[in-house]
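What follows is one structure encoded as structure tokens, with my remarks underneath.
The values are calculated or read from the model by the stated rules, or taken from the named source; none is laboratory data. Owing to the predicted nature of the structure, the values given are computational and were not obtained by experimental measurement. Glycine also receives a Cβ, built like all others from the backbone with ideal geometry; neighbour counts cover every protein chain displayed. With ligands, DNA and RNA removed, areas are computed over all heavy atoms of the protein, side chains included. Shrake-Rupley method; radii C 1.70, N 1.55, O 1.52, S 1.80 Å.
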Amino acid sequence: MTPPEAPLSTAALVLLSLAVHAGVAAGLFALAGRTDLPWFWAALAVFASSQLSMVAFVFRRDPALVRERFRPGPGQPGWDRWLLRASGPFVVAGLAVAALDAGRWGLTDSVPGLLRVLGLAGLAAGMAVMSWAMRANTWFSKVVRIQSDRGHRVVREGPYRFVRHPGYTGWIVLWNSFHLALGSWLGLAVGLGASAVIVLRTVLEDRYLLRNLPGYDAYAREVRSRLVPGIW
């Protein structure tokens, strides 16, 4: 077993990523009841390749980030724990409904091919934005906390020049694009619940950082947008 203070190796991260994606693929095709779904294969391939690119170009270069992503330190507020628990059911339900709709129900599986292509592009773009944010921000944790144990400071580089929470922007684009690529309007509608939770988390995290992270108030005056440049 990897000791708590040691980050996972690149090989371990690759194997873990492949295992997770294999599990997701197995679950989607099992729910769909069929494997002759080329858009599913395409979406899963783009997702997996984007994740492996993140391992190669981000995680491999920043062991401290890997450690924080997989074993975050103390200080997570209670509201963040609640929001993470709340988002999980939407994530699972959105994918499950999309698979059932596209494979068995056929209720709202009428997403046009062009939108599905845009979904594939959006999936890759969302992962790219998240990778860019992680590359610029070694404190990119999976939980909200002030990482005083790691010399936490405000990051102004990379995508943080344009929005204050680019990781959430990338995740929302990725998640909704995934449903478009799978081809289920119903799955997209259910999955939007997860995006709503992320928007709420953005608001609460922004307030938390304004109160607790030195220099964040000045940064917030400099970069006005939270998620969408020039809009919000």
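Among the residues examined, Ala48 qualifies as within 17 Å of the chain's Cα centre (by Cα), in a helix (DSSP H, G or I) and farther than 22 Å from Val143 by Cβ. Within the range 175-186, if we keep just the residues that are open to solvent by less than 10 Å² (accessible area, probe 1.4 Å) and of a type outside the set (Phe, Trp, Tyr), the residue that is farthest from Ala99 (Cα to Cα) turns out to be Ala181. When the residues of the range 30-46 are filtered to those that are without any contact (Cβ under 8 Å) to a residue 60 or more places away in the chain and open to solvent by 70 Å² or more (accessible area, probe 1.4 Å), the one that is nearest to Gly167 (Cα to Cα) is Trp41. Of the residues making up the range 105-116, those that are open to solvent by less than 50 Å² (accessible area, probe 1.4 Å) and either in a helix (DSSP H, G or I) or in contact (Cβ under 8 Å) with a residue 60 or more places away in the chain (or both) are Thr108, Val111, Gly113, Arg116.
Residue by residue, here is whether (1) over 27 Å from Val155 (Cα atoms); (2) out of contact with any Pro (no Cβ under 8 Å at 6 or more places or on another chain) holds:
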| position | (1), (2) |
| --- | --- |
| Phe57 | no, yes |
| Pro63 | no, no |
| Gly106 | yes, yes |
| Leu114 | yes, yes |
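Put simply, of Gly88, Gly119 the only residue that is open to solvent by less than 60 Å² (accessible area, probe 1.4 Å), within 21 Å of the chain's Cα centre (by Cα) and at pLDDT 95 or above is Gly119.
Per-residue answers, yes or no, for (1) outside any helix (DSSP H, G or I); (2) surrounded by fewer than 21 Cβ atoms within 10 Å (Cβ to Cβ); (3) among the aliphatic types (A, V, I, L, M):
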residue	(1), (2), (3)
Arg153	yes, yes, no
Leu188	no, no, yes
Leu192	no, yes, yes
Leu200	no, yes, yes
Leu204	no, yes, yes
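Taken over the range 92-104, the criterion of being farther than 11 Å from Phe40 by Cβ and either in contact (Cβ under 8 Å) with a residue 40 or more places away in the chain or assigned to a loop (DSSP other than H, G, I, E, B) (or both) is satisfied by Ala93, Gly94, Ala96, Val97, Leu100, Asp101, Arg104.
Trp82 satisfies every condition listed in (1) buried (at least 16 other Cβ atoms within 10 Å of the Cβ); (2) farther than 18 Å from Gly187 by Cβ except (1). The sole residue among Val173, Val228, Val203, Val223 that is among the hydrophobic types (A, V, I, L, M, F, W, C) and closer than 21 Å to Trp79 by Cα is Val203. Applying the criterion of being over 19 Å from Leu200 (Cα atoms) and charged (D, E, K, R) to the residues of the range 65-83, the residue that is nearest to the chain's Cα centre (by Cα) is Arg69. Taking every residue in the range 47-72 that is surrounded by fewer than 14 Cβ atoms within 10 Å (Cβ to Cβ) and pairing it with any residue that is outside any helix (DSSP H, G or I) and modelled with pLDDT of 90 or more, at least 6 positions away or on another chain, the pairs with Cβ-Cβ distances below 7 Å are Ala64/Thr138.
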